[in-house]
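Heads up: the structure comes next, in structure tokens.
The values are calculated or read from the model by the stated rules, or taken from the named source; none is laboratory data. A quick note: this is a predicted structure, and the numbers were derived from the prediction, not measured. Note that we place each Cβ from the backbone using ideal geometry, even for glycine, and neighbour counts take in every protein chain shown. For accessibility, only protein heavy atoms count, side chains too; no ligands or nucleic acids. Shrake-Rupley method; radii C 1.70, N 1.55, O 1.52, S 1.80 Å.
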Amino acid sequence: MSTTAIQPVPFGRRLKRFMADRPLIPLIILLVILVVVLQILRPGIVNERWLANTIKFAIPLAILAGCQTMTMLTGGIDLSVGTVATMSAFIMATQVVNHDPAVAILIALVPAVLIGLVNGIGVGVFRVHPLIMTLGTSLIGTGCLQVYQRTVIASGAKIPPFLAWLGTGLTYGVPNALLLFVPIAVLIVLTLNRTGFGRLLYAVGDNEGAARLSGVRYWQVITALYVISSVLAGITGLLYIGLIKAPSLSLAEPLVLPSVAAAVIGGTSIFGGRGGYTGTIIGALILTVLTTLLTILQMPEGARRILFGLIVLFVTAAYLRIIEDR
Amino acid sequence: MSGRTEGGAVERQQERFWNESNAILTTNPLLDATGVVKTYGAVVALRNASLSVLPGEVHALMGANGAGKSTLVKILTGAIRADAGHILIRGEARDVRSPADARRAGLLPVYQEPSLIPDLDVASNLCLTDTPVEAFRAWVRELGIPDLDIRDIARDIPLAVLRVLDLARALAVEPDVLLLDEMTAALPANLAERVLEVVRRQGDSGRSVIFISHRFVEISALCDRATVLRDGETVGVVDIEPGVEERIVEMMLGARIEKTQRTAHQASQAASPRDSRPRLGVANLRVGTKLNDVSFDLANGEVAGVVALEGQGQDELFAALAGSIRPSGGTIEVDGQPVKFAHPADAIRAGIAYVPGDRTEALTMQRSVRENIALPFSAALRNWGPISMAQERSRVVSAIERLQIDTRAQREVQRLSGGNQQKVTIARWIAAEAQTILCFDPTRGIDVGTKQEIYKLLRELADQGKSVLFYTSELEEVQRVCDRVIVIFGGRVVDVFPVELADEPALMRAAYGLPRGVKVDVGILADIHSSPVAKP
Ligand SMILES: Nc1ncnc2c1ncn2[C@@H]1O[C@H](COP(=O)(O)OP(=O)(O)OP(=O)(O)O)[C@@H](O)[C@H]1O
Ligand SMILES: [Mg+2]
């Protein structure tokens, strides 16, 4: 037998291993770095007001990214969240003119449920690829919304005060939107980790055949999932309109791709089976801070987007390298 | 394997031993690895492994599940990098950085899991590795698969055939050292025998083979020496000679040895009370062209074995009983009630669980051991709600203990050793307390120690009144666990043996579909066969 001395494992690999076991740590480090850079570029910007603002804008993104996280865990994606959010916001704002706000909100969530159901049945039963399916329903939804707009053009739109309060208000410097977000986030995290449904999302995304052999009916899981995703998107729309205060036909559309990016940066695999919501939340914060950072650089819009895209690509690639361990 | 081979092998082996023992003293090793270390965080896969292989030698690499055999093979062939260690090839220090490097050095592996890319056809897979197609075809025929179409998509090819293709792909480039990681584990007897012959010829022609297997019969028939690993450390190198098995087991298992001394089963003991209604009644079952007409009963408290050569319809039989594919004809009854399974969930509700032969079909590889075992708990709609973590833990933990699963790397099932992954597929249904278990080659890749434990487990389940249908490619298992053996050939049940008569030669003959007339040499056994009920 050989007597080769067993060398200690090099520090670099130990560090990598450490990170691989705790994928949240590199993300938090990145977030802190971004904030520090921001503070250096514009000393004094990082204060209480900035913090509240960042959180307010990160929340709608984080909820939509939650939809992406859950669908991506099953190997899917939900590109209709933008349209659904816009629809429910727009419908609520126009219906509230004639109805009680609670009724208006219920009416506004109907199309969300419907789109979710169609997505779920398309993906789960007819096996349409989620990308195509949700893109399709998203286009159809936008079309329907345009038709709907004609019919309500005379009545105008308004935003119920409590939604504005929820979207923009602060209580002792803390954004009221957290009142909505914290329960949603807790619910998503608990669902993923502590419920049968959450387990099935991971299982179906990791190996659909294995899930089937264990008695899981794919279509049930997928239908429920896309309905939940759509309802969450609808709720986000209501919150977002309280924040933006200007109903339009492309209200939440700009959030769709960032919501996918937030989930990916947060460590959820688009191939399914691995990831979680806490990472996604940090991903959403990172993207929001990054946007601020690029805004204060006062670059032209085009250059800013290019840089944004490059940074997202770079961060994701680097992150995957860190947490993947060979 | 038939008894004939076994006996012959011992002689042949002895003969080779004497012929070569002089050579062994003088020649230099072709491959010499020392002090190999590999850790994954807190998990030490290899602590201090060494392996030295001479030219023309068939060298067994042995060890319990998780001992580090596959890890060592992957390091030697450049698939993963060691933390420390020296590798000499033909006396020269070499840093094998990639499988391509290893290939240039003449080292070719067949890894434990099939390595063809599932979405490509065989021909494209060959292209990827630059394998000469004609040589490959010749080897495939040589290995007992005459009708391979290289346009077939790898995904659609049965596991056993895939394994043979992996081997043919390695052989086609004429490697100096062939590293076979549980090559025979998924193979039915006829294919396994071809593999053993080919491996022997490799050795005879001066090439070396590193051979990993948990089947001692193969080791003693084939190998010259064995290196034994325990917990990532080389604990001994022995010459294979009659009677050395005991010593190897001792070295392999170390402290665990006592557990395995308990031998598992006397079939007769299990003669449990049979009520009139069978647990499972199968009549005239047909599936496509593969399964033509199968009828049998499975009683409560019975372990029924199924024996068949490759591709005789056994896969379809199990899949149909598990609700995974729909039969094209015939009936299935559970407890006397006719059933139609449209989905595995239906079968599971009827108390039928299925352990498929290919563990990658059953496992969610990126998820934890716990989640994999608990998966069936959450499957039904009414169980989608909150999970009682404490209750789940206790059910999972007892199944893990029962099967002695090595949980050091339990965060992701893909990090477990092959044998431990296999145990997870069984543990799942133990935890779920299924009434009827369909096991398709459940001990594939499981070490001797745990195998005994699994035999015992299956017997216990039967004693509790549960029933087990047990396909095995390892004929000697039949007598250890089964009460009765059903032999399938060409998609039909050709024979049903009581276990006392199911010795390997008899099973082999039946499995080849030889007509009853040929059985004269088994004497009185013939007329007992014709009586349908098994137990005396
Ligand atoms: N990626 C990984 N991360 C953590 N641990 C790992 C990883 N890969 C292997 N291991 C661990 O290394 C040990 C050795 O595994 P290996 O696959 O070499 O065993 P083996 O001897 O081939 O066993 P078997 O007979 O079951 O195939 C196991 O305990 C396994 O859990
Ligand atoms: Mg192995």
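Classify region A:46-324 as rounded, prolate or oblate from the Cα gyration tensor: take a ≥ b ≥ c as the square roots of its eigenvalues, call it rounded if a/c is under 1.5, otherwise prolate when a/b beats b/c and oblate if not. In terms of gyration-tensor shape, oblate. For B:Asp335, the residues 5 or more places off, or on other chains, whose built amide H falls under 5 Å of its own are B:Leu280, B:Gly281.
Where the convex hull is taken over the Cα atoms of the protein assembly as shown, what is its projected area averaged over directions, in nm²? Mean shadow area of the hull around the Cα atoms is 41.2 nm². Rounded to the nearest 10 degrees, the inclination of helix A:48-73 to the longest alpha-carbon principal axis of chain A is 80 degrees. Summed over the residues of region B:47-254 and divided among them, the accessible surface reaches 36 Å² per residue at a probe radius of 1.4 Å.
As a rough guide to protection, the peptides A:20-33, B:98-111 ranked by mean Cβ packing within 10 Å, highest first, stand as B:98-111, A:20-33. Using a cutoff of 8 angstrom between alpha carbon atoms and counting only pairs six or more residues apart, the relative contact order for chain B works out to 16 percent.
Between helix A:277-296 and chain A, what is the angle of the helix's C-alpha long axis to the longest principal axis, kept within 0 to 90° and rounded to the nearest 10? The answer is roughly 80 degrees. Once the chain from B:Ile117 to B:Gln464 is taken as fully extended at 0.36 nm per residue, the excess over their C-alpha distance is 120.6 nm. Peptides B:117-124, B:290-297, ordered by how many other C-beta atoms sit within 10 Å of their residues on average, highest first, read B:290-297, B:117-124.
Cα centroid separation, region B:65-94 to region B:470-509: 40 Å. Going from the chain on its own to the full set of protein chains, region B:315-350 has these residues losing 20 Å² or more of accessible surface (heavy atoms, 1.4 Å probe, no ligands, DNA or RNA): B:Ser324, B:His343, B:Pro344, B:Ala345, B:Ile348. Ranked by the mean number of other Cβ atoms within 10 Å per residue, highest first, peptides A:148-161, B:479-492 order as B:479-492, A:148-161.
Averaged over peptide B:354-365, the number of partner chain Cβ atoms lying within 10 Å of each residue's Cβ comes to 4.
Accessible surface buried at the A:B interface totals approximately 3700 Å², computed with a 1.4 Å probe on protein heavy atoms. Under a Gaussian network description of chain A, with springs only between Cα atoms under 10 Å, the residue in A:Ile132, A:Ile228, A:Ile265 that fluctuates furthest is A:Ile132. Per residue, the solvent-accessible area of region B:370-433 (1.4 Å probe, heavy atoms of protein chains only, all protein chains present) comes to 42 Å². Counting only alpha carbon atoms, the long axis of helix A:178-194 and the longest principal axis of chain A meet at about 50°.
Placing R0 at 35 angstrom, the Cβ-Cβ distance between A:Leu249 and A:Glu48 gives a FRET efficiency of 0.50 after rounding to 0.05. In this structure, the amide hydrogen of B:Ile210, modeled 1.01 Å from its nitrogen in the peptide plane, lies closer than 5 angstrom to those of B:His59, B:Leu178, B:Leu179, B:Leu180, counting only residues at least 5 positions away or on a different chain. When you work out D = kT/(6 pi eta Rh) for region B:47-254 at 37 °C and 0.692 mPa s, using the Kirkwood radius from C-alpha pairs as Rh and the Stokes-Einstein form, the result is 189 µm²/s.
Report the calculated FRET efficiency for B:Ala93 and B:Asn28 (r = Cβ-Cβ distance, R0 = 22 Å), to the nearest 0.05. Given R0 = 22 Å and the Cβ-Cβ separation, E is 0.95. Note on B:380-391: average number of Cβ atoms from other chains within 10 Å of each residue's Cβ is 4.
Across region A:219-258, the fraction of Cα-Cα pairs farther apart than 15 Å, rounded to a whole number, is 50%. Centroid-to-centroid, using Cα positions, region A:260-298 and region B:311-327 are 45 Å apart.
Residues whose amide H comes within less than 5 Å of that of B:Tyr40, counting only those at least five positions distant or on another chain, are B:Ala45 (H built at 1.01 Å from N in the peptide plane). Give me the distance between the Cα centres of region A:49-68 and region A:184-207, rounded to whole Å. Computed from Cα coordinates, the inter-centre distance equals 22 Å. Listed values for region A:136-146 are Karplus-derived 3J(HN,Hα) couplings in whole Hz (6.51 cos²θ - 1.76 cosθ + 1.60, θ = phi - 60°), namely x, 5, 5, 5, 4, x, 4, x, 4, 5, 5, and x replaces Gly and Pro. The alpha carbons of region B:370-433 occupy a box of 34, 20, 18 Å along the principal axes, longest dimension given first.
Within 10 Å of the Cβ of each residue in A:185-193, the mean number of Cβ atoms contributed by other protein chains is 1. Considering only A:Tyr172, A:Tyr202, A:Tyr277, the mean-square fluctuation computed in a Gaussian network model of chain A, springs between alpha carbons under 10 angstrom, is largest for A:Tyr172. Calculated mean residue ellipticity, 222 nm, chain B: -10500 deg cm²/dmol, from DSSP H runs (n ≥ 4) at -39500 (n - 2.57) each, averaged per residue and rounded to 500. Here r is the Cβ-Cβ distance between A:Leu117 and A:Ala164 and R0 is 30 Å; the resulting FRET efficiency, rounded to 0.05, is 0.50. What you get for chain A, charging only the Cβ of Lys and Arg (+1) and of Asp and Glu (-1), is a dipole of about 540 debye around the Cα centre. Which of the helices in chain B, when you take each full DSSP H run, stretch at least 24 Å along the axis at their Cα atoms and have an average Kyte-Doolittle score of 1.6 or higher? Result, helices passing both filters: zero.
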